[in-house]
Amino acid sequence: MIRINLLPIRAAKKREYVKQQLLLFVVLIIGTLVGLYLWYDMVEGEITSKKKEIEQIKADIAQYNQAIGQVEKYKKMQEMLTRKLQIIDSLEKGKTGPVRVLDRLSQIIPKQVWLIEWLEKGSMVQVTGEALTMEDVGNFMRVLSTAEVSNVSAGKAGEEAAGAGGKKEKKPAGAKKYFTNIQLVSMEKAKEDKYNLNYVKFVLTMRVHYDI
């Protein structure tokens, strides 16, 4: 009787089956990795895109805030100018001094300076005011000290005036200063919280020559 050994054939089939299973497992692993990579790349792209959008939004917000800040600053400066004009107008209407002196004062006040209070004691005046910077206060004091009556404006100063005994006397016709003895009493920094604007408060005294 002939005997056939089938063990090698079974072993070969078993090895082939194991190879197929391993190949299928490898294919599944590779497919999973490819799928995960594609998903990761898509998510990463979306995250990058969202980050760019967020940065652009932040840049837009910063630009808008800057524009709003400029508008608020200009509004504050407009309010300061209006208040300064109102104070000058009230000084003129109240006839605190000759109109010519007040008119000259309204002409020389820098745009960054405005008056809050004007107190007279004889020929001396105490002025309380505000300015955008300390340099503006210094500039205000400088223009006050150089404010002169021109030869044309001082025509009356050169006219003849009645003197003692009915004689005529001539006053000097040269240029004269409206303000002298200008002294800075105090100056301090302040802040307008509503508009986030820094400014300076100051008080100064000076002699005002109303008789020129």
>> Checking the structure you have, find out if any residue of the range 105-120 is hydrophobic (A, V, I, L, M, F, W, C), touching a Phe, Trp or Tyr at 6+ places or on another chain (Cβ under 9 Å) and touching a residue at least 40 places away in the same chain (Cβ under 8 Å).
In response: yes
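Give the residues of the range 104-129 that are touching a helix residue (DSSP H, G or I) at 6+ places or on another chain (Cβ under 8 Å) and outside any strand (DSSP E or B), sorted by residue number.
105, 106, 108, 109, 110, 111, 112
Determine whether the range 130-144 contains at least one residue that is modelled with pLDDT of 85 or more, part of a strand (DSSP E or B) and either of a type in the set (Ser, Thr, Tyr) or within 30 Å of residue 72 (Cβ to Cβ) (or both). Working first, answer last.
In the first step, residues of the range 130-144 are kept if they are modelled with pLDDT of 85 or more; the result is 130-144.
Still in the running and part of a strand (DSSP E or B): 130-131.
Filter once more, so that each one left must be either of a type in the set (Ser, Thr, Tyr) or within 30 Å of residue 72 (Cβ to Cβ) (or both): 130-131.
Yes, the conditions are met somewhere in the range 130-144.
Just to be sure before I move on: is residue 122 surrounded by fewer than 10 Cβ atoms within 10 Å (Cβ to Cβ) and more than 19 Å from residue 140 (Cβ to Cβ) in the structure I sent? It would help to see each step written out before you state the result.
Details: surrounded by fewer than 10 Cβ atoms within 10 Å (Cβ to Cβ): yes; more than 19 Å from residue 140 (Cβ to Cβ): yes.
In short, yes.
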>> Only one of 156, 168 is farther than 18 Å from residue 183 by Cβ, surrounded by fewer than 16 Cβ atoms within 10 Å (Cβ to Cβ), touching a strand residue (DSSP E or B) at 6+ places or on another chain (Cβ under 9 Å) and at pLDDT below 85. Can you tell me which?
In response: 168
> Could you list, in sequence order, the residues of the range 198-212 that are of a type in the set (S, T, N, Q) and surrounded by fewer than 15 Cβ atoms within 10 Å (Cβ to Cβ)?
Replying inline: 198
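Just one of 69, 35, 45, 31 is in contact (Cβ under 8 Å) with a residue 60 or more places away in the chain and surrounded by fewer than 14 Cβ atoms within 10 Å (Cβ to Cβ); which is it?
Details: 35 fails: in contact (Cβ under 8 Å) with a residue 60 or more places away in the chain; 45 fails: in contact (Cβ under 8 Å) with a residue 60 or more places away in the chain; 31 fails: in contact (Cβ under 8 Å) with a residue 60 or more places away in the chain.
Result of the check over 69, 35, 45, 31: 69.
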> Scanning for something surrounded by 10 or more Cβ atoms within 10 Å (Cβ to Cβ), modelled with pLDDT of 80 or more and either under 30 Å from residue 112 (Cβ atoms) or among the small types (Gly, Ala, Ser) (or both), does the range 5-25 turn up at least one residue?
Replying inline: no
>> Checking the structure you have, find out if any residue of the range 70-87 is closer than 30 Å to residue 129 by Cβ, modelled with pLDDT under 80 and of a type in the set (Val, Ile, Thr).
In response: yes
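The values are calculated or read from the model by the stated rules, or taken from the named source; none is laboratory data. Since we're looking at a predicted model, the values are computed, not measured. So basically every Cβ, Gly included, is an ideal-geometry build from the backbone, and we count neighbours across all protein chains shown.
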